[in-house]
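Everything below concerns the one structure shown next.
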Amino acid sequence: MNEFDFIELLRPLAGKSGLGLNDDAALLKPSPGKDLVLSKDTMVEGVHFPNGRIGGDFAERLLRTALSDLAAKGARPIGYLLSVAWPKGTDPKFMAGFVKGLREAQDSFDCPLMGGDTTSTEGPLVASATVIGEVPSGEMVLRSGARVGDDVWFTGALGRAENGLALIQGQDIQLSADEKLACEEAYLRPEPRFLFRKALRHYATAAADISDGLSVDALHIATASQMRLHLEAKYLIGAEFGDDYELLFTASPQDKKALEEAAKKIGLRLTRCGQVSEGEGIWVNGAPIAPKGYSHGF
């Protein structure tokens with residue numbers, strides 16, 4: 001299969017802004033009263049995903065993890081650009097599976113393909129998704145707005161993605177059948193928290209998604225906000241692997257009840273895990289810690 005054959009597989013995924021993939025660019029007009037929000041994620045076979053699993057699971061995970069960044073900004077997805085470098089000699093069935101995975105993910109979030117690029121490589125599969133969303137003008141949730149006295153919260157359950165990766169690699173973990181399934185889904189198909197975006201925009205003072213580990217992503221907020229985040233030690237257990245793609249955010253204690261009610265309406269678990277103070281860095285049990293999580297080495 002050559003690049004033009006692969007583009008033919010992708011063509012049905014293209015939305016109106018993608019011009020049917022018949023041009024070398026996309027055309028996009030922001031809705032009145034909206035700001036555009038853009039983010040980009042890249043995955044490499046053998047680094048972000050086990051070697052050899054380069055079909056639908058890889059594609060779903062790629063798009064879902066990229067969309068998580070939009071969810072953390074309180075944005076609604078409107079489309080994405082795709083770049084793929086396929087290893088030479090790749091079996092076409094993997095390419096077809098990859099496109100199927102993209103379709104399933106983009107249909108779940110009404111986020112059509114707008115364009116991109118394809119090429120070949122002597123190395124492993126490398127793919128990136130540039131996601132585009134929109135948010136009411138001036139309402140994007142930044143990392144830099146945390147204030148003294150704010151509570152620190154996270155959504156969902158942390159640690160499942162680590163177990164999920166272990167399970168798909170064939171490791172034996174003592175969990176119930178239901179929990180094993182939940183862990184595999186958490187790793188393969190993380191759920192961007194778009195249903196919580198209105199509450200996030202209304203109440204959060206700062207936010208990030210948890211991709212690198214709880215303490216590392218808390219440090220991102222602390223650094224951007226020039227504040228200190230105090231985390232409760234019990235929530236760090238099993239939460240330093242990363243890849244959970246839950247939301248981490250700060251909010252005024254006055255909004256605690258409203259946040260809990262908003263989360264309850266959509267069946268979302270919400271956990272208060274710390275507080276914001278003056279200072280810098282991440283503190284646990286009254287002392288600074290060196291955040292642990294995933295970081296690419298160069």
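The values are calculated or read from the model by the stated rules, or taken from the named source; none is laboratory data. Note that this is a predicted model, so its numbers are computed, not measured. With ideal geometry, Cβ positions are generated from the backbone for all residues, glycine too; neighbour counts draw on all protein chains shown. Accessible surface is based on the protein model in full, side chains and every heavy atom, while ligands, DNA and RNA are left aside. Shrake-Rupley method; radii C 1.70, N 1.55, O 1.52, S 1.80 Å.
So which pairs qualify, if the first residue must be in the stretch 22-49 and touching a residue at least 60 places away in the same chain (Cβ under 8 Å) and over 18 Å from residue 118 (Cβ atoms), the second must be among the acidic types (Asp, Glu) and open to solvent by less than 40 Å² (accessible area, probe 1.4 Å), the Cβ gap must be under 9 Å, and the two must be at least 6 apart or on different chains?
Listed by first residue and then by second, the contacts come to 30/134; 31/134; 34/134; 35/134; 36/134; 37/69; 37/134; 39/69.
Please count how many residues of the stretch 63-83 are surrounded by fewer than 21 Cβ atoms within 10 Å (Cβ to Cβ) and farther than 18 Å from residue 7 by Cβ.
Counting residues in the stretch 63-83 that are surrounded by fewer than 21 Cβ atoms within 10 Å (Cβ to Cβ) and farther than 18 Å from residue 7 by Cβ gives 1.
For the stretch 168-185, give me each residue that is surrounded by fewer than 18 Cβ atoms within 10 Å (Cβ to Cβ), of a type outside the set (Lys, Arg) and part of a helix (DSSP H, G or I). Don't jump to the end; show me each part of the working.
Initially, the stretch 168-185 is screened for residues surrounded by fewer than 18 Cβ atoms within 10 Å (Cβ to Cβ), giving 168-182, 185.
After this cut, where a residue has to be of a type outside the set (Lys, Arg) as well, the list is 168-179, 181-182, 185.
Answer for the stretch 168-185, where residues must be surrounded by fewer than 18 Cβ atoms within 10 Å (Cβ to Cβ), of a type outside the set (Lys, Arg) and part of a helix (DSSP H, G or I): 168, 177, 178, 179, 181, 182, 185.
Given the options 52, 115, name the one that is on the phi > 0 side of the Ramachandran plot, crowded, with 21+ Cβ neighbours inside 10 Å and modelled with pLDDT under 95. Quick ask: steps written out before the conclusion?
On the way: 52 fails: crowded, with 21+ Cβ neighbours inside 10 Å.
Among 52, 115, only 115 is on the phi > 0 side of the Ramachandran plot, crowded, with 21+ Cβ neighbours inside 10 Å and modelled with pLDDT under 95.
When you check residue 60 against the structure, is it within 18 Å of the chain's Cα centre (by Cα) and either within 25 Å of residue 165 (Cα to Cα) or open to solvent by 10 Å² or more (accessible area, probe 1.4 Å) (or both), yes or no?
On the way: within 18 Å of the chain's Cα centre (by Cα): yes; either within 25 Å of residue 165 (Cα to Cα) or open to solvent by 10 Å² or more (accessible area, probe 1.4 Å) (or both): yes.
For residue 60, the condition - within 18 Å of the chain's Cα centre (by Cα) and either within 25 Å of residue 165 (Cα to Cα) or open to solvent by 10 Å² or more (accessible area, probe 1.4 Å) (or both) - is met.
Can you list residue pairs whose Cβ atoms sit under 6 Å apart, with the first residue in the stretch 276-295 being open to solvent by 100 Å² or more (accessible area, probe 1.4 Å) and the second being assigned to a strand (DSSP E or B) and modelled with pLDDT of 95 or more? Count only pairs 6 or more apart in sequence or on different chains.
Partner pairs satisfying both residue conditions: 280/228.
Those residues that are more than 14 Å from residue 273 (Cα to Cα) and either open to solvent by less than 10 Å² (accessible area, probe 1.4 Å) or assigned to a loop (DSSP other than H, G, I, E, B) (or both), I need them from the stretch 222-235; list them, please. Don't jump to the end; show me each part of the working.
Residues of the stretch 222-235 that are more than 14 Å from residue 273 (Cα to Cα), as a first pass: 222-227.
Answer for the stretch 222-235, where residues must be more than 14 Å from residue 273 (Cα to Cα) and either open to solvent by less than 10 Å² (accessible area, probe 1.4 Å) or assigned to a loop (DSSP other than H, G, I, E, B) (or both): 222, 226, 227.
Counting just the residues of the stretch 1-33 that are in contact with a Lys or Arg (Cβ under 9 Å, 6 or more places away or on another chain) and more than 20 Å from residue 101 (Cβ to Cβ), which one comes out modelled with the highest pLDDT?
27
Out of the residues in the stretch 84-112 that are more than 20 Å from the chain's Cα centre (by Cα) and farther than 15 Å from residue 9 by Cβ, which is surrounded by the fewest Cβ atoms within 10 Å (Cβ to Cβ)?
Here the answer is 89.
Pick from the stretch 24-41 the residues that are more than 24 Å from the chain's Cα centre (by Cα) and open to solvent by 70 Å² or more (accessible area, probe 1.4 Å): which of them is nearest to residue 128 (Cα to Cα)?
This residue is 24.
With respect to residue 241, is the statement that it is touching a residue at least 60 places away in the same chain (Cβ under 8 Å), under 17 Å from the mean Cα position of the chain (by Cα) and not in a helix (DSSP H, G or I) true?
Details: touching a residue at least 60 places away in the same chain (Cβ under 8 Å): yes; under 17 Å from the mean Cα position of the chain (by Cα): yes; not in a helix (DSSP H, G or I): yes.
Yes: the conditions hold for residue 241.
How many residues does the stretch 248-267 hold that are open to solvent by less than 20 Å² (accessible area, probe 1.4 Å) and touching a helix residue (DSSP H, G or I) at 6+ places or on another chain (Cβ under 6 Å)? Quick ask: steps written out before the conclusion?
Residues of the stretch 248-267 that are open to solvent by less than 20 Å² (accessible area, probe 1.4 Å), as a first pass: 248-251, 259, 263.
If we keep only those that are touching a helix residue (DSSP H, G or I) at 6+ places or on another chain (Cβ under 6 Å) as well, we get 248, 251, 259.
So the answer is 3.
Scan the stretch 212-221 residue by residue and report those that are of a type in the set (A, V, I, L, M, F, W, C) and either at positive phi or open to solvent by 40 Å² or more (accessible area, probe 1.4 Å) (or both).
Residues of the stretch 212-221 that are of a type in the set (A, V, I, L, M, F, W, C), as a first pass: 214, 216, 218-219, 221.
Passing the criteria: only 219.
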